[in-house]
Amino acid sequence: MLTNNLGYPRIGSNRELKKACEQYWSGKSTLQNLEQVAREIRKQNWLLQQEAGIDLIPSNDFSFYDQVLDMSLTVGAIPSRYHEVILNGAHKEIDLYFAMARGYQKDGLDIIAMEMTKWFDTNYHYIVPEFYKDQQFKLFSTKIADEYEEAKRLGLFTKPVILGPITYLLLGKEKEAGFHRISLIKNLLPVYIQLLQQLSARNVEWVQFDEPFLAMDLTEDEKRAFLMVYKEIRRLFPNLKLMVATYFEGLRDNLELAFSLPVQAIHVDLVRCPEQLEAVFEVIPSQMKLSIGVVDGRNIWKADYEQALKLINSAVEKLGEERVILAPSCSLIHSPCDLSLETANEPLMDEIKQWLSFAKQKVTEVVTLSKLVNPHKNESLEAKLQQNIEENNSRRSSVLIHQTAVQQRVAAATAKDSLRNLPFDDRKVLQQQSLQLPLFPTTTIGSFPQTPEVRSWRTKLKKGLLSAAVYQDLIEKETIATIRFQEEIGLDVLVHGEFERNDMVEYFGEKLDGFAFTKFGWVQSYGSRCVKPPIIFGDVYRQEPMTVKWASFAQSLTPKLVKGMLTGPVTILQWSFVRNDQPRAQTCKQIAFAIRDEVADLEKAGIKIIQIDEPAIREGLPLRKADWENYLQWAVNAFKISASGVQDSTQIHTHMCYSEFNDIIQHIANMDADVITIECSRSQMELLDAFAAFNYPNEIGPGVYDIHSPRVPSSKEMMFLLEKARAVIPDAQLWVNPDCGLKTRHWEETKSALIEMVKAAKTLRVAVKTEISIA
Ligand code: GLN
Ligand code: ZN
């Protein structure tokens with residue numbers, strides 16, 4: 001039985017890649033340096049998998065920023081606005097690549113970045129390919145072959161991982177009307193063929209094509225394209241072993257399609273959808289191999305060997321050992337790197353560590369499972385199995401996990417818990433009376449720059465190099481300065497700046513019971529940005545206020561309104577590793593009640609505007625439409641539970657980013673937040689159309705500039721976007737704000753951009769007054 005891995009984390013177990021990229025971007029290190037770090041990470045990953053005993057080791061799973069962007073560069077899908085970067089001869093391929101990811105402001109050029117969006121239902125973001133009618137592609141980069149060669153020099157024969165052509169096209173976006181991107185397949189396929197020629201010339205044995213779209217809802221055209229592409233590849237490369245990898249969902253109605261593709265192996269995700277195995281047996285052709293994902297690549301729980309072995313044994317029985325390949329469910333880039341780094345002496349972590357497994361451990365789990373299938377397994381293997389059974393049992397029965405009071409409160413929830421007293425129209429009147437805001441009120445999304453200095457204070461505090469009192473003092477000073485700055489530039493609704501927070505989910509997780517934390521459990525979120533998701537291992541509850549102190553402190557500094565800032569229950573759930581021993585909806589409801597208590601305490605402390613961020617509500621959508629209704633029902637309800645415990649005069653905001661709202665606008669309206677701020681600027685207000693078409697009743701702040709790029713837009717540019725917004729949203733409903741929190745930005749650009757933003761709002765107020773008086 002072969003063992004297989006679909007992809008390994010490329011950030012390095014100490015986030016080496018992040019550091020190297022950021023140094024390169026800031027001009028503090030050379031390209032050579034960056035490449036050296038990258039080579040070292042790849043080498044370590046490959047050797048580690050080889051040592052563990054993985055047979056099919058991936059290559060081209062490395063990326064400096066994103067694997068979809070890699071593919072865009074590889075097939076030459078480079079939007080024309082970047083051609084100047086190429087023409088500007090001084091620049092190398094990598095600078096073009098980073099320009100596409102991050103925008104480019106250099107040598108008099110000022111080019112915006114490509115859009116970014118969530119990778120399926122994960123918290124990984126990819127750079128969205130841009131497509132044009134009749135677009136031509138051409139092999140532009142040799143990365144895939146280069147990485148294969150690099151591994152070969154280390155004595156390894158890897159399995160290149162390539163984003164499949166259909167999935168690549170479907171992940172992209174048409175930038176002009178009049179065509180569907182899938183029609184570009186005829187132009188794209190020849191480039192994939194050239195690519196495969198490079199690989200087959202190197203005697204590559206296996207190639208993995210990632211086609212997770214096979215697990216999504218597909219149109220007839222898309223299905224036909226799948227068949228056409230793989231038949232053609234098969235015809236031209238009869239000797240290349242092709243594995244088509246699907247993950248994140250079951251194949252369902254695409255099952256027959258997937259197994260009719262003329263390839264050597266299909267990979268299926270048996271963690272998400274173990275039920276599909278029986279159906280697979282019905283349709284799998286007699287020569288085809290089956291790669292089964294039985295170790296969860298998306299979560300941190302140790303595999304349950306007994307359960308996995310049931311699936312493996314049934315596959316072996318039906319197909320024979322020769323045809324079964326064992327793997328994690330999906331690429332391990334969604335797992336942290338290495339549990340063995342967690343050596344801190346923390347009682348809680350020590351206790352729950354025995355239930356966990358990260359990428360490095362998961363690779364070993366796959367190999368161990370492949371050995372456990374052997375009926376003549378030796379004693380040490382038998383012991384490993386026994387140990388796994390005991391560890392999983394200890395988790396099921398642990399007193400750390402079960403809190404009766406929490407379970408009872410959630411069970412007793414009624415419909416009233418998710419309703420405000422009055423409807424929005426009536427609340428709006430009360431809120432206007434209480435808040436007295438101008439037309440086009442200006443605000444920000446919450447965080448202000450988390451400078452290296454601010455972050456160093458927290459690091460020092462944790463290391464004991466800074467006393468709690470000194471830390472407190474430093475954060476206070478930063479907060480004061482930020483309040484002063486906001487007053488100075490004339491923002492209407494201020495924020496405290498979130499300097500005390502490392503991360504919008506981790507901060508709350510640290511204060512809530514039922515959460516545990518790692519020291520090194522980093523996972524890539526986008527580009528060089530990594531997150532360290534908390535682990536929800538048990539029933540969740542709040543022992544004491546979590547944010548009241550900072551909100552009140554900030555409010556005490558200014559007569560202006562300060563907005564309280566919380567993370568919503570769905571986002572906390574979505575951005576954590578969630579326990580897999582009860583339904584997610586149940587865990588989410590527990591968090592919702594904890595946030596509800598916090599909202600009530602903020603109100604009591606005199607905070608009149610409270611924002612409950614739910615940037616992740618859309619990414620939580622199940623991949624298949626058939627499952628949406630059920631999810632939206634409990635997710636929206638959880639938000640409402642958290643938001644509905646307040647007076648009608650208290651204004652509840654929510655914030656969402658990187659979302660396409662069209663298909664869930666009804667549910668967003670159902671959340672009934674008084675104000676919603678959304679990401680809109682990268683799509684030039686396109687996202688607003690959904691709100692306009694729907695006649696969205698509540699107030700709305702479409703982001704007027706992109707905070708993901710260091711670029712400072714002019715007030716004119718923002719005015720232009722605001723005019724676009726005004727064309728579809730009534731003035732009385734419009735807010736003016738950036739499109740997300742500012743914590744990843746530097747102060748310099750933040751200051752300039754916000755000054756421009758306030759200027760845009762003020763100019764607009766004057767213009768509207770004139771409009772009215774003329775009328
Ligand atoms: N309040 C958060 C911040 O400003 C929101 C972040 C987000 O939407 N991801 O950082
Ligand atoms: Zn955001």
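Structural remarks
- Residue selected from region 23-34 under the condition without any contact (Cβ under 8 Å) to a residue 24 or more places away in the chain and over 16 Å from ILE11 (Cβ atoms), by the criterion surrounded by the most Cβ atoms within 10 Å (Cβ to Cβ): SER29
- Beta carbons closer than 6 Å, at least 6 apart along the sequence or on distinct chains, pair a first residue in region 303-314 that is touching a residue at least 24 places away in the same chain (Cβ under 8 Å) and among the aliphatic types (A, V, I, L, M) with a second that is assigned to a loop (DSSP other than H, G, I, E, B) and crowded, with 22+ Cβ neighbours inside 10 Å for LEU311/LEU270.
- Of all residues in region 443-466 being within 15 Å of ligand 1 (Cβ to nearest atom) and assigned to a helix (DSSP H, G or I), the one that is nearest to ILE607 (Cα to Cα): VAL454
- Among residues that are among the polar types (S, T, N, Q) and either touching an Asp or Glu at 6+ places or on another chain (Cβ under 9 Å) or touching a residue at least 40 places away in the same chain (Cβ under 8 Å) (or both), THR770 is not included.
- Under the condition of being touching a Leu at 6+ places or on another chain (Cβ under 8 Å) and assigned to a helix (DSSP H, G or I), the residues counted in region 142-165 number 5.
- Residue satisfying all of: in region 172-212; closer than 14 Å to THR158 by Cα, of a type outside the set (Val, Ile, Thr) and outside any loop (DSSP other than H, G, I, E, B); farthest from the chain's Cα centre (by Cα) among these: SER200
- Within region 729-747, residues that are over 13 Å from GLY446 (Cβ atoms) reach partners that are basic (Lys, Arg) and away from ligand 1 (no atom under 16 Å from the Cβ) with beta carbons closer than 7 Å, at six or more positions or on different chains, in the pairs LEU734/ARG726.
- None of ALA554, ALA592, ALA605 is under 30 Å from GLU487 (Cα atoms) and buried (at least 21 other Cβ atoms within 10 Å of the Cβ) except ALA554.
- Just one of the listed residues (PHE553, PHE639, PHE593) is within 24 Å of the chain's Cα centre (by Cα) and closer than 27 Å to VAL493 by Cα, namely PHE639.
- Residue pairs meeting the criteria (Cβ under 7 Å; at least 6 apart or on separate chains; first assigned to a helix (DSSP H, G or I), in region 609-633; second not β-branched (Val, Ile, Thr)): LYS625/ASP217; TRP628/LEU621; TRP628/PRO622; TYR631/GLY620; TYR631/LEU621; TYR631/PRO622; LEU632/HIS667
- Scope region 722-752; condition β-branched (Val, Ile, Thr) and within 15 Å of ligand 1 (Cβ to nearest atom); matching residues: THR744, THR750
- Cβ pairs under 7 Å, 6+ apart, first in region 557-569 and under 13 Å from ILE483 (Cβ atoms), second modelled with pLDDT of 95 or more and surrounded by fewer than 21 Cβ atoms within 10 Å (Cβ to Cβ): LEU557/ILE480; THR558/GLU487; LYS560/GLU487; LEU561/LEU435; LEU561/LYS608
- Identity of the residue in region 397-442, β-branched (Val, Ile, Thr) and assigned to a loop (DSSP other than H, G, I, E, B), that ends up modelled with the highest pLDDT: THR414
- Restricting the first member to region 665-693 and to residues that are more than 15 Å from ligand 1 (Cβ to nearest atom), and the second to residues that are polar (S, T, N, Q) and not in a loop (DSSP other than H, G, I, E, B), the beta-carbon pairs closer than 6 Å and six or more apart or on different chains are ASP674/GLN651; ALA690/ASN662.
- Filter result (assigned to a loop (DSSP other than H, G, I, E, B) and more than 30 Å from GLN436 (Cβ to Cβ)) within region 543-594: GLN543, GLU544, TRP575, SER576, ARG579, ASN580, ASP581, GLN582, PRO583
The values are calculated or read from the model by the stated rules, or taken from the named source; none is laboratory data. Note that the structure is a prediction, hence the values are computed from the model and not measured. Here the Cβ is made from the backbone with ideal geometry for all residues, glycine too, and neighbour counts use every protein chain on show.
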